[in-house]
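The structure appears right after this line, and notes come after that.
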Amino acid sequence: MKIFIIVILFVFSLQNSYADAYCSLRDPVAQIQQLYPQKTNQLSIVKTVDSSTRNLVKLALPSNDLHFSELGQHTLYVAMKNTEALGYVHVRSEQSKWGLVEIIWALDKNLKIKNFTFQRCRSPKKKLIDNESFKNVFIGKNYEELKSLLSSDGITANNILLDKAKDSPELASVVLRCALKTLLITDILWGEELKKFNPK
Amino acid sequence: MRLFTTIIMLFSVPSYGDFSDNLRVSLDGSARLNVNSATSNTSRIYALGLDTHKVFSSVNGDIGYMVGQLYLTKLSNQTPFSSLFDSPDDKQFIIREAHLNYTAGPKWLPNVRVGHFTLPFGLEASIDTNGRLLDYYHGKNLGTKLDWGLGLNKVLTNVEYEISYTLGGKNEPKTIDSSYVFSGRIGSLSHYDFIIGFSFLDAKIDNIQRKRLAIDWQYYWQTWGFLGEIAFGKDDKFQNKWQEERYSLLELNKTSINEQLKFYGQYIVTDRESDKKSQQLINIGISYQIDAKLELSLSSRKQLDTPESANKQNLVRFQLRYRY
């Protein structure tokens, strides 16, 4: 009983919270395989998204916020081919009028978008993910380059992206906001640790 | 338990970084109020526990992960009470999930899970209900929800599967009166909008032999979900006298677009050869996730048919849950 109380006091000193029990956590194994077919394994790096990260996101992307499920501890996966790092995989959620859209982002070692796919998207327009010209707008771009695709309201995508998205403008803006938050949070929380995989 | 501790130590040896790397720890507390109108009884269940998740890694990548959930659970006037307790006001340390999953094998080999885990069967295999009012009735239908043993699992390109052999001792890591549970499920990937799974179970728990085959599905359309589980099988409670049993659960749920509010309704029909008529239940529940830490939930269960020798079930439950 004493040990139990000591451990509880220790936990109170941490700032973790995650709404669902940890037994429900599942690694996106099939999706990482799809984004990095040559990978032999993945390396998890867990970091905490807290209120200071949230404030940095609000500062960098005015009019934006993080959904409460985005706070707490999250995993960035390093796709490995034996001992070589191929790139990174990060899953983030963005609120939409069809519930949360969960997107799996593959990033290269310079934190540019390499590819992406929906883990969960319940929009009737989810076929947007098969639109190569839409995806190509993202691929190879870093945070600053993608930020230039935001319109002046800071929420919606500008016409460069919307022209490619055809009849799915709302979902296109959701994907853009998710991409920006993913790149920003990856750099803020994991950037320093990831330097060892990209020593140049 | 000793075996489990030894395995944790073996996992830790090649780990890269210290034990706190990739470690999640949350304090999980809940207070549940149960108002049972059928028996004119009001009871409470309090639980305070630690929920942990740790990924073990080497320079080549992840080796596996561990889940550990230990809860101090206190009953207050709870009748009937679970076999894990000794009286209606008892308190006990309860292990919920406590397992290691070794994931570093070659691509063609399955992952290996060892410990205390949820039986891979039906809806519960892909939807966690531990500590929630939402339930898919593993314990009632299969004899236990969690058991100690060994499992093989893998997520492939188009399907995922898990098969396990466990000891049938429920909360105890041992066989009791030749108990065992052999169960498994194969299904489409659990992140899709349409998920279908097939399960089997062959078990002997508490001297009751059970055999089951089941199909389960989940279909999500925007913020709506339509879920179901249909199981067929037979029970042998009295030595070589098998009795057929059919069970079906249908659920319709709806979440708000920010996913803070969730409503669900379940219709459950159980048909037993030993009973003259089927048992029909309705569950209605609502949960409100105020933030990442605090959740309020309310549920009501009503029996539609009139049982031969008992009152109709009529239970209202309220739960406050806080995770830190």
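The values are calculated or read from the model by the stated rules, or taken from the named source; none is laboratory data. Owing to the predicted nature of the structure, the values given are computational and were not obtained by experimental measurement. Here the Cβ positions follow ideal geometry from the backbone for every residue, glycine too, while neighbour counts run over all protein chains shown. We work out accessible area using only protein heavy atoms, side chains counted, and drop any ligands, DNA or RNA first. Shrake-Rupley method; radii C 1.70, N 1.55, O 1.52, S 1.80 Å.
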Task: Those helices (runs of 4 or more DSSP H) lying entirely in the stretch A:116-198 with at least 3 residues open to solvent by 60 Å² or more (accessible area, probe 1.4 Å) - done: A:143-147, A:159-165
Task: Within the stretch B:220-234, tally of residues that are out of contact with any Gly (no Cβ under 8 Å at 6 or more places or on another chain), surrounded by 15 or more Cβ atoms within 10 Å (Cβ to Cβ) and within 14 Å of chain A (Cβ to nearest Cβ) - done: 2
- [ ] May I ask you to list the residues in the stretch B:247-296 that are within 14 Å of another protein chain (Cβ to nearest Cβ) and either in contact (Cβ under 8 Å) with a residue 60 or more places away in the chain or surrounded by 16 or more Cβ atoms within 10 Å (Cβ to Cβ) (or both)?
- [x] B:N253, B:T255, B:E259, B:Q260, B:K262, B:S287, B:Q289, B:A292, B:K293, B:E295
Task: the stretch B:6-45, subset within 14 Å of another protein chain (Cβ to nearest Cβ) and open to solvent by 60 Å² or more (accessible area, probe 1.4 Å), residue modelled with the lowest pLDDT - done: B:Y16
TODO: Mind listing whichever residues of the stretch B:171-189 are touching a residue at least 40 places away in the same chain (Cβ under 8 Å) and open to solvent by less than 40 Å² (accessible area, probe 1.4 Å)?
DONE: B:N171, B:V181, B:S183, B:G184, B:R185, B:G187
- [ ] Would you mention how many residues in the stretch A:120-168 are in contact with a Pro (Cβ under 6 Å, 6 or more places away or on another chain) and either within 14 Å of another protein chain (Cβ to nearest Cβ) or without any contact (Cβ under 8 Å) to a residue 40 or more places away in the chain (or both)?
- [x] 1
Open item on the list: Within the stretch B:212-223, does at least one residue satisfy the condition of being free of Cβ contacts under 8 Å to residues at least 24 places away in the same chain and of a type in the set (F, W, Y)?
Closed with: yes
- [ ] Select from the stretch B:59-71 the residues that are under 19 Å from B:W148 (Cα atoms) and open to solvent by less than 40 Å² (accessible area, probe 1.4 Å) and list them in ascending order.
- [x] B:G64, B:Y65, B:M66, B:V67, B:G68, B:Q69, B:Y71
- [ ] Search the stretch A:37-84 for residues being within 16 Å of the chain's Cα centre (by Cα) and part of a loop (DSSP other than H, G, I, E, B), and hand back the single one that is surrounded by the most Cβ atoms within 10 Å (Cβ to Cβ).
- [x] A:L71
Task: Test for A:P62: is it away from chain B (no Cβ under 11 Å) and at pLDDT below 95 - done: yes
Open item on the list: Given the options A:Y88, A:Y77, name the one that is away from every other protein chain (no Cβ under 11 Å) and modelled with pLDDT of 95 or more.
Closed with: A:Y88
Open item on the list: I'd like the residue in the stretch A:85-103 that is closer than 18 Å to A:L184 by Cβ and open to solvent by less than 10 Å² (accessible area, probe 1.4 Å) and, out of all such residues, is farthest from the chain's Cα centre (by Cα).
Closed with: A:G87
- [ ] Search the stretch B:48-58 for residues being surrounded by fewer than 20 Cβ atoms within 10 Å (Cβ to Cβ) and in contact with a strand residue (DSSP E or B) (Cβ under 8 Å, 6 or more places away or on another chain), and hand back the single one that is nearest to B:D21 (Cα to Cα).
- [x] B:T52
- [ ] Report the residue count in the stretch B:297-306 for those that are under 21 Å from the mean Cα position of the chain (by Cα) and open to solvent by 60 Å² or more (accessible area, probe 1.4 Å).
- [x] 1
Open item on the list: Just to be sure I understand, how many residues within the stretch B:76-124 are more than 14 Å from chain A (Cβ to nearest Cβ), open to solvent by 10 Å² or more (accessible area, probe 1.4 Å), touching a residue at least 24 places away in the same chain (Cβ under 8 Å) and small (G, A, S)?
Closed with: 2
Open item on the list: Taking the conditions exactly as written (within 12 Å of another protein chain (Cβ to nearest Cβ), touching a helix residue (DSSP H, G or I) at 6+ places or on another chain (Cβ under 9 Å) and surrounded by 16 or more Cβ atoms within 10 Å (Cβ to Cβ)), does B:T129 satisfy them or not?
Closed with: yes
- [ ] Would you be able to say whether some residue in the stretch B:138-154 is assigned to a strand (DSSP E or B), small (G, A, S), open to solvent by 10 Å² or more (accessible area, probe 1.4 Å) and in contact with a Phe, Trp or Tyr (Cβ under 7 Å, 6 or more places away or on another chain)?
- [x] yes
TODO: Would you list the strands (runs of 3 or more DSSP E) that sit entirely within the stretch B:159-249 and hold 1 or more residues that are farther than 30 Å from B:Q303 by Cβ and β-branched (V, I, T)?
DONE: B:159-166, B:180-188
Open item on the list: Considering only residues that are open to solvent by 40 Å² or more (accessible area, probe 1.4 Å) and of a type in the set (A, V, I, L, M, F, W, C), which ones fall in the stretch B:190-219?
Closed with: B:F194, B:I196, B:F198, B:F200, B:L213, B:I215, B:W217
TODO: Note down all Cβ pairs under 6 Å where the first residue falls in the stretch B:46-75 and is facing another protein chain (nearest Cβ under 9 Å), the second is charged (D, E, K, R) and outside any strand (DSSP E or B), and they're at least six residues apart or on different chains.
DONE: none
Task: Every residue from the stretch B:177-219 that is within 14 Å of another protein chain (Cβ to nearest Cβ) and modelled with pLDDT of 95 or more - done: B:G187, B:S188, B:F194, B:I195, B:Q218, B:Y219
